[in-house]
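Contents: one structure, followed by commentary.
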Amino acid sequence: LTRAAESEDFWAGEPLASEVPCTVDWRGIKVRGRMDRIDRSESGLTIVDLKSGSHVDKIQDSTGKLDHDLQLPLYREAAAEQYPDEPNIDTRYFSIRQSKVLTAKAPTEDDLLEFLTTTRARLAQGHFPIEPDQQQKACHYCDYRTVCRVGRRQEHKPRWTGEQS
C-alpha cells in the first residue's frame, strides 16, 4: 500500500472526495454505486477507481467476446451529473498491487447502445439468461460457478428440452 501511495500515478490531483455515493438514471437504467476517489487538478476532475489487482470487468461485444469496459464510462456520466459545472471529467483505474494505472478499452457509442437496449429489454421482461462470454473468462470470477447451468462441467450432460419422455 505504501508503494502504491508513493507512486506518482496514485494521485491525479488534489483529493477532493472519497467513497462518493452516486445514484443516477444512466440512460434509462437506475444505477447506484460508489466512486472510490475524486481528485481535482488544473485540467478538471478525475474519478479514480482503485483495484486490488489488475482485473477490470468488461461487457460482451456483439460476438460474445469480453471486450469493453463499462464502469469508467458510467462513472464519467454519473460524475457529470453530480458536478455539472465541471468542464472536464476524466476517469481511470489504479492497481494497488501493481502501483500503476490500468488501461481499459472504452465501448463505442454503438456498443453502449446495444448493451443498453438489451439490458432494458431484459429488465422489462424479467429475462436474465446465463450467457458467459465465448471463452468463459467471466466464469473464473463468478461466485456461482458451482451451481451454474453452463460451463465446462456441464458440457457432457444432456440438455433439458422441457419434454418428458
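Give me the residue from the stretch 24-57 that is of a type in the set (D, E, K, R) and assigned to a loop (DSSP other than H, G, I, E, B) and, out of that set, farthest from HIS140 (Cα to Cα). The residue in question is GLU42.
If the requirement is being modelled with pLDDT under 85 and within 30 Å of TRP11 (Cβ to Cβ), which of these qualifies: HIS140, HIS68, HIS55?
Details: HIS140 fails: within 30 Å of TRP11 (Cβ to Cβ); HIS68 fails: modelled with pLDDT under 85.
Criteria check complete, one pass: HIS55.
Selection of the stretch 153-165 for residues being surrounded by 10 or more Cβ atoms within 10 Å (Cβ to Cβ) and either among the basic types (Lys, Arg) or modelled with pLDDT of 75 or more (or both) yields only ARG153. Of all the residues in the stretch 85-139, those that are basic (Lys, Arg) and under 18 Å from the mean Cα position of the chain (by Cα) number 4. Residues in the stretch 114-144 that are open to solvent by less than 80 Å² (accessible area, probe 1.4 Å) and free of Cβ contacts under 8 Å to residues at least 40 places away in the same chain: THR118, ALA121, ARG122, GLY126, PRO129, ILE130, PRO132, GLN136, CYS139, CYS142. Evaluating SER95 against the criteria (1) within 17 Å of ILE47 (Cα to Cα); (2) open to solvent by 30 Å² or more (accessible area, probe 1.4 Å) leaves one unmet condition, (2).
Just checking, does the stretch 54-63 include any residue being surrounded by 15 or more Cβ atoms within 10 Å (Cβ to Cβ), within 16 Å of the chain's Cα centre (by Cα) and over 17 Å from THR91 (Cβ atoms)? Yes; the residues of the stretch 54-63 include at least one that is surrounded by 15 or more Cβ atoms within 10 Å (Cβ to Cβ), within 16 Å of the chain's Cα centre (by Cα) and over 17 Å from THR91 (Cβ atoms).
Just to be sure before I move on: is ALA5 assigned to a helix (DSSP H, G or I) and open to solvent by less than 80 Å² (accessible area, probe 1.4 Å) in the structure I sent? Against the criterion (assigned to a helix (DSSP H, G or I) and open to solvent by less than 80 Å² (accessible area, probe 1.4 Å)), ALA5 qualifies.
Of the residues that sit in the stretch 87-123 and are among the charged types (D, E, K, R) and not in a strand (DSSP E or B), which one is modelled with the highest pLDDT? Even if it seems obvious, please write down each step before you answer.
So the first thing to find is which residues in the stretch 87-123 are among the charged types (D, E, K, R), and the list is 90, 92, 97, 100, 105, 109-111, 114, 120, 122.
Narrowing the set further to residues that are not in a strand (DSSP E or B) leaves 97, 105, 109-111, 114, 120, 122.
Numbers: ARG97: 94, LYS105: 88, GLU109: 89, ASP110: 89, ASP111: 87, GLU114: 88, ARG120: 90, ARG122: 89.
Among residues in the stretch 87-123 that are among the charged types (D, E, K, R) and not in a strand (DSSP E or B), the one modelled with the highest pLDDT is ARG97.
Candidates in the stretch 22-40 are the residues that are farther than 20 Å from LEU123 by Cβ and open to solvent by 40 Å² or more (accessible area, probe 1.4 Å); of these, the one that is farthest from the chain's Cα centre (by Cα) is ARG40.
Here ASP85 meets the list (1) under 19 Å from GLY33 (Cβ atoms); (2) open to solvent by 30 Å² or more (accessible area, probe 1.4 Å) almost entirely, failing just condition (1).
The values are calculated or read from the model by the stated rules, or taken from the named source; none is laboratory data. All of these numbers come straight from a predicted model, not from anything done at the bench. FYI the Cβ positions are ideal-geometry reconstructions off the backbone, even for glycines, and counts take in every protein chain you see. Accessible surface areas use protein heavy atoms only, side chains included; no ligands, DNA or RNA. Shrake-Rupley method; radii C 1.70, N 1.55, O 1.52, S 1.80 Å.
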